[in-house]
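See below for the structure under consideration.
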Amino acid sequence: MKISVLTVCYNAEATIRHTLESFLAQDHRDKEMWVIDGASTDGTTATVGEYVGDRIRLLSEPDRGMYDALNKGLERFSGDAVGVLNADDTYHDDTILSRIAEALEDTDMVHGDLNYVDNHDTKTVTRRWRAEPRPETGFRSGWMPAHPTFYARRYVAEAVGAFDLTLPTSSDYDWMIRAIDVHGFSLATIDHVMVDMQLGGTSTASLRAHWANNWEVLRARRRWLDAGMVDYALIAKPARKIGQYVTRKQIDDDRHGKTDL
């Protein structure tokens, strides 16, 4: 199974080498990465250019944001399945694409665990997202997969279509609602940390950004799930995150090898 990975970037010179090396280190051989760059003004394209070849391809041109760039990737990928690896994230280890390919033999989509890390040098974990199987009420319960761990077969991507550019911080959430709750494609959970995500994403950069994102995802539920002006998930979704944060003691224990990440 050929797996395509979409990596969107803009002025990501400081982090993208980690991402590229992480992709190339995967033991799954049948893979490709599309790097969709928004016409960076730093050294991003020069860095990516060092890696361009049969497995890594680069498109650099102005865009209307990350979801516009992802739509360009959806138009170009050639694999049997597709997912996203952000330009400041890495795979947790070199087995991730193999695990995804194996799981996708028996299901339409997969998702798994994710660690939030302070940076990719120390890999200090500050938050742990542990994947859960879809509950009966789906997204209405506040549940959602971690999008950086979410991979779908080609026919899913073709059925669901493009990311919605009117949702600037949550079009991935909207896309997954359409794939899982609207179209009803099957979803399997991989019980393994798949991605190390560096802190500082658009939807989690500040408390104000967090609440803006939370209201934006409510718009998606209203559109697809007939949610009201306020629904249960508006509170339940952020509440699910409370237990994910790691205490200082847990960080110290991790550094001393007392817990398994």
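When region 189-216 is examined, which residues are found to be at pLDDT below 95, surrounded by 14 or more Cβ atoms within 10 Å (Cβ to Cβ) and not polar (S, T, N, Q)?
GLY201, ALA209, HIS210, ALA212, GLU216
Surrounded by 18 or more Cβ atoms within 10 Å (Cβ to Cβ), within 19 Å of SER22 (Cβ to Cβ) and in contact (Cβ under 8 Å) with a residue 40 or more places away in the chain - does that describe any residue in region 135-142?
Among the residues of region 135-142, not one is surrounded by 18 or more Cβ atoms within 10 Å (Cβ to Cβ), within 19 Å of SER22 (Cβ to Cβ) and in contact (Cβ under 8 Å) with a residue 40 or more places away in the chain, which makes the answer no.
In region 157-173, which residue that is within 18 Å of VAL8 (Cα to Cα) and acidic (Asp, Glu) is surrounded by the fewest Cβ atoms within 10 Å (Cβ to Cβ)?
Only one residue tops the list, namely ASP164.
Within region 87-102, is there a residue that is touching a Phe, Trp or Tyr at 6+ places or on another chain (Cβ under 6 Å) and modelled with pLDDT of 95 or more?
Of all residues in region 87-102, those touching a Phe, Trp or Tyr at 6+ places or on another chain (Cβ under 6 Å) come to 100.
Checking which are modelled with pLDDT of 95 or more leaves us with 100.
Within region 87-102, one or more residues are touching a Phe, Trp or Tyr at 6+ places or on another chain (Cβ under 6 Å) and modelled with pLDDT of 95 or more.
Within region 22-43, does at least one residue satisfy the condition of being closer than 23 Å to HIS92 by Cα, at pLDDT 95 or above and among the polar types (S, T, N, Q)?
Let us first name the residues in region 22-43 that are closer than 23 Å to HIS92 by Cα, namely 22-36.
Among the residues that remain, those that are also at pLDDT 95 or above are: 22-36.
Right, trim to among the polar types (S, T, N, Q) and you get 22, 26.
Among the residues of region 22-43, at least one is closer than 23 Å to HIS92 by Cα, at pLDDT 95 or above and among the polar types (S, T, N, Q), which makes the answer yes.
Could you tell me which of the residues THR126, THR122, THR45, THR90 is more than 12 Å from THR7 (Cα to Cα) and assigned to a strand (DSSP E or B)? Show your work before the answer.
Numbers: THR122 fails: assigned to a strand (DSSP E or B); THR45 fails: assigned to a strand (DSSP E or B); THR90 fails: more than 12 Å from THR7 (Cα to Cα).
Only one candidate qualifies: THR126.
If GLY184 satisfies all but one of (1) at pLDDT 95 or above; (2) within 19 Å of the chain's Cα centre (by Cα); (3) not in a helix (DSSP H, G or I), what's the number of the condition it fails?
(2)
Report, by residue number, each residue of region 22-43 that is in contact (Cβ under 8 Å) with a residue 12 or more places away in the chain and either farther than 20 Å from ASN71 by Cα or surrounded by fewer than 19 Cβ atoms within 10 Å (Cβ to Cβ) (or both). Give the steps one after another, and end with the answer.
Step one: list which residues in region 22-43 are in contact (Cβ under 8 Å) with a residue 12 or more places away in the chain, which gives 22-28, 30-43.
Within region 22-43, SER22, PHE23, LEU24, ALA25, GLN26, ASP27, HIS28, ASP30, ALA39, THR41, ASP42, GLY43 meet the criteria.
Anything in region 74-128 that is buried (at least 23 other Cβ atoms within 10 Å of the Cβ) and on the phi > 0 side of the Ramachandran plot? List them, or say none.
None; the set is empty.
Out of VAL48, VAL52, report the one residue that is touching a helix residue (DSSP H, G or I) at 6+ places or on another chain (Cβ under 9 Å) and of a type in the set (Val, Ile, Thr). Give the steps one after another, and end with the answer.
Working: VAL52 fails: touching a helix residue (DSSP H, G or I) at 6+ places or on another chain (Cβ under 9 Å).
None of the other options fit; the residue is VAL48.
Among the residues of region 156-175, count how many are out of contact with any strand residue (DSSP E or B) (no Cβ under 8 Å at 6 or more places or on another chain) and free of Cβ contacts under 8 Å to residues at least 40 places away in the same chain.
Total satisfying the criteria: 5.
What residue, among those in region 217-248 that are buried (at least 17 other Cβ atoms within 10 Å of the Cβ) and closer than 25 Å to TYR116 by Cβ, is modelled with the lowest pLDDT?
Taking the candidates together, the pick is VAL246.
The values are calculated or read from the model by the stated rules, or taken from the named source; none is laboratory data. For clarity, every value in this text was computed on a predicted model and none was experimentally measured. Because the Cβ atoms are built from the backbone with ideal geometry, glycine has one as well, and the counts that use them run over all protein chains shown.
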